[in-house]
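The values are calculated or read from the model by the stated rules, or taken from the named source; none is laboratory data. Not measured: the values here are computed from a predicted model. Glycine gets a Cβ as well: all are built from the backbone with ideal geometry, and neighbour counts include every protein chain shown.
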Amino acid sequence: MNSIEQFLSRHSQKVFSIIRLAFGFLFFSHGAQKLFGAFGGHGTMGSSEMLLAGIIEVSCGIAIAIGFRARYAAIITACEMLFAYLTVHFPRGAWPIENGGELAVLYFLFFLFTIANGSGSWSVDELILKKK
């Protein structure tokens, strides 16, 4: 194994934590757009589906970003992204590049990875486990 592979192997959990933080914050941002009109959003006046999506995205985005019960949050968010893809994007075409569903697919895949890997290092879950 060369030195780059050794370095990456030693730090893979930290890299995942940085990626988890970024994905969680971006997912939170989508929810903040829906709920509060933040980041250039318009809010969710009257749409119960968008309200529910916003609540999921804000709460689970924060949980994933800080690594608090990220597996459970990722199960919920993966289901939301699958639902969004099937109901909003897929009717416009089969391929994500054609139907505008790339982001939903990328989020879905990241959430599957998080379900499999948990919160990782640099997380609230890790702090809780260290105290026990």
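Pull out all pairs, ordered by first then second residue, where Cβ-Cβ is under 9 Å, the residues are six or more apart or on different chains, the first lies in segment 5-34 and is without any contact (Cβ under 8 Å) to a residue 12 or more places away in the chain and over 16 Å from residue 81 (Cα atoms), and the second is among the β-branched types (Val, Ile, Thr) and surrounded by fewer than 14 Cβ atoms within 10 Å (Cβ to Cβ).
8/15
Could you tell me which residue of segment 60-109 is nearest to residue 126 (Cα to Cα), considering only residues that are more than 10 Å from the chain's Cα centre (by Cα) and of a type in the set (Ser, Thr, Tyr)?
Top of the filtered list is 72.
Restricting attention to segment 116-125, and to residues there that are assigned to a loop (DSSP other than H, G, I, E, B) and among the small types (Gly, Ala, Ser), which single residue is surrounded by the most Cβ atoms within 10 Å (Cβ to Cβ)? I'd like the intermediate steps shown before the answer.
The first filter runs over segment 116-125 and keeps only residues assigned to a loop (DSSP other than H, G, I, E, B), leaving 118-123.
Still in the running and among the small types (Gly, Ala, Ser): 118-121, 123.
Details: 118: 16, 119: 27, 120: 20, 121: 15, 123: 23.
My answer is 119.
Looking only at segment 101-129, which residues are farther than 26 Å from residue 88 by Cβ and of a type in the set (Val, Ile, Thr)?
124, 128
Need pairs with beta-carbon distance below 7 Å; first residue closer than 16 Å to residue 56 by Cβ and modelled with pLDDT of 95 or more and within segment 108-119, second among the basic types (Lys, Arg) and part of a helix (DSSP H, G or I); sequence gap 6+ or separate chains.
Every condition considered, the pairs that remain are 114/20; 114/71; 115/71.
Yes or no: segment 5-28 includes at least one residue that is surrounded by fewer than 13 Cβ atoms within 10 Å (Cβ to Cβ) and either of a type in the set (Phe, Trp, Tyr) or assigned to a loop (DSSP other than H, G, I, E, B) (or both).
Within segment 5-28 (the criterion being surrounded by fewer than 13 Cβ atoms within 10 Å (Cβ to Cβ) and either of a type in the set (Phe, Trp, Tyr) or assigned to a loop (DSSP other than H, G, I, E, B) (or both)), the answer is yes, since at least one residue qualifies.
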